[in-house]
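The structure appears below as structure tokens.
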Amino acid sequence: GNSVTQMEGPVTLSEEAFLTINCTYTATGYPSLFWYVQYPGEGLQLLLKATKADDKGSNKGFEATYRKETTSFHLEKGSVQVSDSAVYFCAVANAGGTSYGKLTFGQGTILTVHP
Amino acid sequence: DTAVSQTPKYLVTQMGNDKSIKCEQNLGHDTMYWYKQDSKKFLKIMFSYNNKELIINETVPNRFSPKSPDKAHLNLHINSLELGDSAVYFCASSPESQTDTQYFGPGTRLTVL
């Protein structure tokens, strides 16, 4: 089955620092890749996604590029804000087969940004 | 307008009880899911329904029984609750495409005493 490995947290940064959260995956075929974010006390929401190799997903200043050769989808942001404090999940989903719509998540990375 | 709603938000109950969590989506999606998030934030899919038909059934104890009366609702009934069932349960939905975005509900925090 699919699997996702994320950089272990927690990650603590000062405001305006550069953020990288590493994510690597194993999957068959041509999976789609996602980053979801969970703010305190809330459900998950999609942050960005990429559906094919070399695609770059971006949203709210966050970016991630689908690297098939390294099976990676690292999340980056040039200047984090206090409001970015949340748990970030990398996820992979397969098209086709019996894993219909199944998202496999990484373990989550807790990010805390201090003023 | 709430896209995916769950009730209740919090549920505290004794071991051995039976409880249900309800989920409704008003997005017109065909597929709905239940996920369990443990105390370390790890998320794992439990079930998936497409147009009221069970599609994914992970290795979940048969004390857990999903029910989908229509494609806008997916409820989760849990029999004989155990301490290890304590977690946050998330409902989600997505359009028919297998690689589409999933939209999550706010979660139900279940505490079994």
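Observations on the model:
- Spatially proximal lysines relative to A:LYS60 (Cα-Cα < 17 Å; intrachain offsets below 8 disregarded): A:LYS49, A:LYS77
- Sequence of A:LEU46, B:LEU11 when ordered by accessible area, the most exposed leading, probe 1.4 angstrom: A:LEU46, B:LEU11
- P(r) of chain A over all Cα-Cα pairs, binned every 5 Å from zero, in whole percent: 2, 13, 24, 25, 18, 10, 5, 2, 0, 0
- Neighbouring partner chain Cβ atoms per residue of B:33-42, average, 10 Å criterion: 3
- For region B:12-93, a crude dipole built from +1 on the beta carbon of Lys and Arg and -1 on the beta carbon of Asp and Glu, taken about the Cα centre, is about 140 debye to the nearest 20.
- Share of carbon and sulfur in the accessible heavy-atom surface of chain B [1.4 Å probe, %]: 49
- Within the protein assembly as shown, the percentage of alpha carbon pairs spaced more than 30 angstrom apart rounds to 24%.
- Geometric descriptor of chain B, per residue, is 96 Å³ (volume of the convex hull of the Cα atoms).
- Within chain A, longest stretch free of exposed trypsin sites (Lys or Arg not before Pro) [DSSP loop, at most 15 other beta carbons within 10 Å]: A:1-51
- Based on protein heavy atoms only, the protein assembly as shown ends up with 47 Å² per residue of surface accessible to a 1.4 Å probe.
- Global form of region B:12-61, assessed from the alpha-carbon gyration tensor, a/c cut-off 1.5: prolate
- Of all lysines in the structure, those lying under 18 Å Cα to Cα from B:LYS9, and not within fewer than 8 positions of it along the same chain, are B:LYS19, B:LYS22, B:LYS36, B:LYS41.
- Protein-protein interface of region B:73-113, residues with accessible area decrease of at least 40 Å², isolated chain reference, 1.4 Å probe: B:GLN98, B:THR99, B:THR101, B:GLN102, B:PHE104
- Largest accessible area first, the listed residues A:THR65, A:THR28 line up as A:THR28, A:THR65 when surface is computed with a 1.4 Å probe on the assembled protein chains.
- Here chain A is treated with +1 on each Lys and Arg Cβ and -1 on each Asp and Glu Cβ, and its dipole about the Cα centre works out to around 400 debye.
- Buried between A and B is an accessible area of approximately 2000 Å², summed over both sides with a 1.4 Å probe.
- Calculated P(r) tail over 12 Å for region A:14-76, as whole % of Cα pairs: 68
- For region B:44-88 versus region A:1-34, the inter-centroid distance based on Cα atoms is 28 Å.
- Cross-link reach list, aspartates and glutamates versus A:LYS68, counting only Cα pairs under 20 Å and skipping chain neighbours closer than eight places: A:ASP54, A:ASP55, A:GLU76, B:ASP100
- Backbone phi angles across region B:60-70, fed through the Karplus curve with coefficients 6.51, -1.76 and 1.60 (θ = phi - 60°), yield HN-Hα couplings of 10, x, 6, 5, 9, 9, x, 9, 10, x, 7 Hz in residue order; Gly and Pro are listed as x.
- A:GLU76 contributes an accessible area of around 80 Å² to the protein surface, as traced by a 1.4 Å probe with all chains present.
- Three principal axis lengths of region B:36-99 [C-alpha, angstrom, descending]: 34, 24, 18
The values are calculated or read from the model by the stated rules, or taken from the named source; none is laboratory data. All values reported here derive from a predicted model rather than from experimental measurement. No Cβ is skipped: glycine too gets one built from the backbone with ideal geometry, and neighbour counts run over all protein chains shown. Heads up: the accessible areas ignore ligands, DNA and RNA and are worked out on the full protein's heavy atoms, side chains in. Shrake-Rupley method; radii C 1.70, N 1.55, O 1.52, S 1.80 Å.
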